[in-house]
2 protein chains.
Amino acid sequence: MSVKFAVLGHGVVGSGVVELFYKNKESIEKRAGTEMELKYILDLREFPDTPYADKFTKDFNDILNDDEVTSVCECMGGLEPAFTFVKSCLERGKSVSTSNKELVAEKGDILLAIAKKMNCNFFFEASVGGAIPIIRPLHKCLAANEISAVSGILNGTTNFILTKMYNDKMSFEDALSLAQKLGYAEKDPTADIEGFDACRKICIISSLVYGKHVYPSSVYTKGISQIDLNDVQTADSMGYSIKLIANVRKLDDGRILPVVMPMLVPHSNIISSVSDVFNAVLVDGDAVDKVMFYGRGAGKFPTASAVVGDLIDSVKHKITVFSQSWDSAENNDFVAGIDSFKAKWYVRDNEKSYITDEEMTMSEAEMLGTAAIPVLEQ
Amino acid sequence: MSVKFAVLGHGVVGSGVVELFYKNKESIEKRAGTEMELKYILDLREFPDTPYADKFTKDFNDILNDDEVTSVCECMGGLEPAFTFVKSCLERGKSVSTSNKELVAEKGDILLAIAKKMNCNFFFEASVGGAIPIIRPLHKCLAANEISAVSGILNGTTNFILTKMYNDKMSFEDALSLAQKLGYAEKDPTADIEGFDACRKICIISSLVYGKHVYPSSVYTKGISQIDLNDVQTADSMGYSIKLIANVRKLDDGRILPVVMPMLVPHSNIISSVSDVFNAVLVDGDAVDKVMFYGRGAGKFPTASAVVGDLIDSVKHKITVFSQSWDSAENNDFVAGIDSFKAKWYVRDNEKSYITDEEMTMSEAEMLGTAAIPVLEQ
């Protein structure tokens, strides 16, 4: 008997999931250990010219009320109606795989708790780093480690812009225009440029690694719109690349400190070699030392690949994978604020640019000049 | 009730497994979902000064015949007695996690078949790339992909030597001496230098990705002992790093072509930024495009971390994870030989060094001059 699943949303990622499933159906079924059937695609639009036009429905209840459907891929994006739909599916014991980082960052704890209660799975590999396997390696292969820090280049748009500034000496504005022209940046690029996208992803990573939900509102977030071409070039001559880094570290007092900020990364750190739209996540564990995962952080098929990988896993695991989970955190006593962030800083004043000898807080660094940018220590 | 396990071998990796288990016991048990107890350590030597001196036994049958022991970590290395011990454990339904690449490369198919029959698990994350999670990501997170090629820097010793030649202009001999002095190379460095170690690892990766056992004897293997400092510097000035690359690709005729050879890697390829003793594996999938995994490929705790990660997984999965497996291949009709390997080549003759415009076979390239080194295309 075949396992039946549904795909919610037929946009970029959702259509990628459908196409990838049919393209590699034979090997996907072999890996899942069972025949699989796509039974429904939920979208308000119609796609009469696709080979699977008969699968479309506009009514979510068709999927929810069909007990044959045991797995669902959510690729709609945004908080609503995604949250309501995913919640309803889990409450009926249907496993869900999602690419929706906003959903996981804001509501992950609630959805994971329902999945646990109903003995099904809520998987979200695609929500961080697109194609890069990071959620499973973090919770599984590194299970024997205490993790002291994670640093990521988690937004392809900003990394593309910084690469163009670095390699081709383009201004921020020109690089942004090029990114928009190539389809790497949206018309309204705020979520990427200002770091909100990276913030959601470091929230998911922090929650998974440290076991309690970290909300985007508790994370100090600064984007790259104030990065000047002169700073990029000066930093380069000093042996550093400027990257938008999403970082979380464990403090000595047991709290964690997540931030999203442009940082100076030494050329000797492999993260500095991550260019263009590629993403990477560098993990420090007490046993493994440094491990890095690298790949395309976005795009139709890279993201679909992660969703389908989760789908295969949800078919194989009929009971909850409880370790890939975290608890609610009503108040964030364990999340430290930016005041606790100490680093050496790149400082520009009228006369010169330099890196401070001593570690200090951001407010101390900002008193020394303009363009204070911390140096990544990991 | 606690899950009881044994560790075979108390050398570098085995002692690392024991120390890491006790150090992070609380979080390991949380991730495994059960209490765990180390019941035996098998070694012919005695370690009276360790805090777990009472766990040692010299008799493998103590472990084999104890039905309470359901998981075993094999960290002895070498083919025998490791093969006999692991086979016996699996035949009794005990799951085994191993760091022994020789064992997996030569006997993986046999051991996987027994594990399947006995409904237990034979895990080997530590056998490739030490701390780097690569086996699980390959078979799991990338499950939705058809993989066209995998390239790895899979030997830390040779990568350290090539890095020293590249960065510090050391000769091969001086760099090897330094590696020996620092403990990165063995007294007899043949297995590393001549590529045999990397060969075993690409065999394991090839078997896993393409589903049939690939034996080391079917893989063309060339080491770095003939690499000249001049070639390293000339290649650098042309925009390439010379790396010992273990590569497998799928040919148009459906066969696969695994090789281990020094190759020229363009500086624009992230693999070229992998320095010192670090390892990396770059995977090309039809949906994900390029994904890379990076970390320490050897060392006591990095390798132990992978073994303990497998141990946790074997505790959680009481039935065989059949997808992380492959079939026997009595004859290797599906493995192509070096004659099928085509590339552009770096060629040195007396007058000059250059890269050929056309792709050609190795024998064609070698007729053009000395030091024919292929350019990595992936």
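The values are calculated or read from the model by the stated rules, or taken from the named source; none is laboratory data. Since this is a predicted model, take the numbers as computed values, not measurements. Every residue, glycine as well, gets a Cβ built from its backbone with ideal geometry; the counts of neighbours run over all protein chains shown. For accessibility, only protein heavy atoms count, side chains too; no ligands or nucleic acids. Shrake-Rupley method; radii C 1.70, N 1.55, O 1.52, S 1.80 Å.
Exceeding 25 Å between C-alpha atoms, which entries from my cross-link table qualify? They are B:Lys243/B:Lys344; B:Lys30/B:Lys300; B:Lys116/B:Lys222; A:Lys290/B:Lys290.
Exceeds cut-off: B:Lys116/B:Lys222.
Taking the Cα centre as origin and putting +1 on Lys and Arg beta-carbons and -1 on Asp and Glu beta-carbons, what dipole magnitude results for the stretch A:249-354, to the nearest 20 debye?
For this selection, approximately 400 debye.
GNM, chain B, Cα, under 10 Å: largest mean-square fluctuation among B:Leu368, B:Leu112, B:Leu138?
B:Leu368
Could you pull out every residue, at least 5 positions away or on a different chain, whose amide H is within less than 5 Å of the one on B:Phe56? Hs are placed 1.01 Å off N in the peptide plane, and Pro or chain starts have none.
Amide H to amide H, under 5 Å and 5 or more residues apart or across chains, B:Phe56 pairs with B:Ile41.
Rounded to whole Å, how close does chain A get to the rotation axis onto B by Cβ? Give me the residue too, please?
Residue and rounded Å distance to the axis: A:Ser273, 2.
Among the residues of the stretch B:268-290, which ones have their accessible area go down by 40 Å² or more when all the protein chains sit together, as opposed to their chain alone (1.4 Å probe)?
So the qualifying set is B:Ile270, B:Ser273, B:Asp286, B:Ala287, B:Val288, B:Asp289, B:Lys290.
Which of the listed residues, A:Thr234, A:Gly195, B:Pro51, is farthest toward the dipole's positive end in the protein assembly as shown, when Lys, Arg count +1 and Asp, Glu count -1 at the beta-carbon?
Result: B:Pro51, furthest along the dipole toward the positive end.
For helix A:156-168, what angle does its Cα long axis make with the longest principal axis of chain A, in degrees from 0 to 90 and rounded to 10?
Roughly 40 degrees, rounded to the nearest 10.
Taking only protein heavy atoms into account and a 1.4 Å probe, give the accessible area per residue of the stretch A:5-145 in Å².
I get 36 Å² per residue for this part.
Would you mind calculating the relative contact order of the stretch B:51-161 from Cα pairs under 8 angstrom and at least 6 residues apart, reporting the percent as a whole number?
Here the relative contact order equals 20 percent.
Using only alpha carbon pairs under 8 Å that are at least six residues apart, calculate the relative contact order of the stretch B:1-61 and give it in whole percent.
Normalised by residue count, the contact order of the stretch B:1-61 is 39 percent.
Sequence-distant or interchain residues sharing an amide H contact under 5 Å with B:Lys344, placed H: which?
The answer is B:Met360, B:Val375.
Buried accessible area for the A:B pair, summed, 1.4 Å probe, in Å² rounded to 100?
By this definition, chains A and B bury close to 4000 Å².
So, with a 1.4 angstrom probe, what is the percent of accessible area on the stretch B:189-279 that is carbon and sulfur?
The computed percentage sits at 44.
For the stretch A:116-144, which residues drop by 50 square angstrom or more in accessible area between the chain on its own and all protein chains together (1.4 Å probe)?
For the stretch A:116-144, once contacts with the other chains are taken into account, A:Pro133, A:Lys140, A:Cys141, A:Ala143, A:Ala144 lose 50 Å² or more.
Whole number please: convex hull volume per residue, Cα atoms of the protein assembly as shown, in Å³.
It is 175 Å³ per residue.
If you count, for each residue, the other Cβ atoms within 10 Å and average over each peptide, how do B:279-291, A:229-241 line up from highest to lowest?
Put in order of decreasing packing, that is B:279-291, A:229-241.
Which net charge results for the neighbourhood of A:Asp284, defined as the other residues with beta-carbon distances under 11 angstrom from its beta-carbon, given Lys and Arg at +1 and Asp and Glu at -1?
Charge balance near A:Asp284 sits at -1.
For B:Glu35 paired with B:Glu186, estimate the spin-label separation in nm (one decimal), with each label point 7 Å from Cα along the Cα-to-Cβ line.
Each label point lies 7 Å from its Cα, and together they span 4.1 nm.
To the nearest 500 deg cm²/dmol, what mean residue ellipticity at 222 nm is calculated for chain A from DSSP H runs of n ≥ 4 alone, each contributing -39,500 (n - 2.57), summed and divided by the residues?
-10000 deg cm²/dmol
Once amide H atoms are built 1.01 Å from N in the peptide plane, which residues 5 or more positions from A:Phe123, or in another chain, come under 5 Å H to H?
A:Val96, A:Ser97, A:Thr98
A:Asp49 label points, 7 Å along Cα→Cβ, one per copy: pairwise distances from this copy to the rest in nm, shortest first?
In ascending order, 7.7 nm.
Apply the Karplus parameterisation 6.51 cos²θ - 1.76 cosθ + 1.60, with θ equal to phi minus 60°, to every residue of the stretch A:220-231 and state each ³J(HN,Hα) to the nearest whole Hz, in sequence, with x for glycine and proline.
4, 10, 9, x, 10, 5, 9, 6, 9, 4, 4, 5
Express the accessible area of the stretch B:291-353 per residue in Å², computed with a 1.4 Å probe while the remaining protein chains stay in the model.
42 Å²
Alpha carbon centre of the stretch A:121-147 versus the stretch A:346-378: separation in Å?
Using only Cα atoms to place each centre, the spacing works out to 34 Å.
I'd like the FRET efficiency for A:Lys58 and B:Met1, computed as 1/(1 + (r/R0)^6) with the beta carbon distance as r and R0 of 51 Å, rounded to 0.05.
According to the calculation, E is roughly 0.50.
Between the stretch B:169-210 and the stretch A:174-233, what's the alpha-carbon centroid distance in Å?
Taking the Cα centre of each part, the stretch B:169-210 and the stretch A:174-233 sit 40 Å apart.
For the charge dipole of the protein assembly as shown, defined by +1 on Lys and Arg C-beta atoms and -1 on Asp and Glu C-beta atoms about the Cα centroid, which residue among A:Ser127, B:Tyr184, B:Phe83 has the Cα displaced farthest towards the positive pole?
Value computed over the given set: B:Phe83.
From the phi of every residue in the stretch B:32-44, what ³J(HN,Hα) in whole Hz does the Karplus formula 6.51 cos²θ - 1.76 cosθ + 1.60 yield, where θ is phi - 60° and glycine or proline is x?
Each residue of the stretch B:32-44 in turn: 7, x, 7, 5, 10, 9, 7, 9, 9, 10, 8, 7, 6 Hz.
Express the relative contact order of chain A as a whole percentage, based on alpha carbon pairs under 8 Å and six or more residues apart in sequence.
The normalised contact order for chain A reaches 19 percent.
Across bins of 10 angstrom width beginning at 0, how are the C-alpha pair distances of the stretch B:247-297 distributed, in whole percent?
Percent of Cα pairs in each bin: 20, 49, 28, 3.
How many nanometers, to one decimal and shortest first, lie between the label point of A:Glu37 and those of its other copies, if labels sit 7 Å from Cα toward Cβ?
So the label point of A:Glu37 gives 5.0 nm to the other copies.
Distances in nm, one decimal, shortest first, from A:His317 to the same residue in every other copy, taking the label point 7 angstrom along Cα→Cβ.
Between copies, matching label points for A:His317 lie 1.1 nm apart.
Ranked by accessible surface with a 1.4 Å probe, highest first, in what order do B:Met292, A:Met118 come?
Result of the area sort, largest leading: A:Met118, B:Met292.
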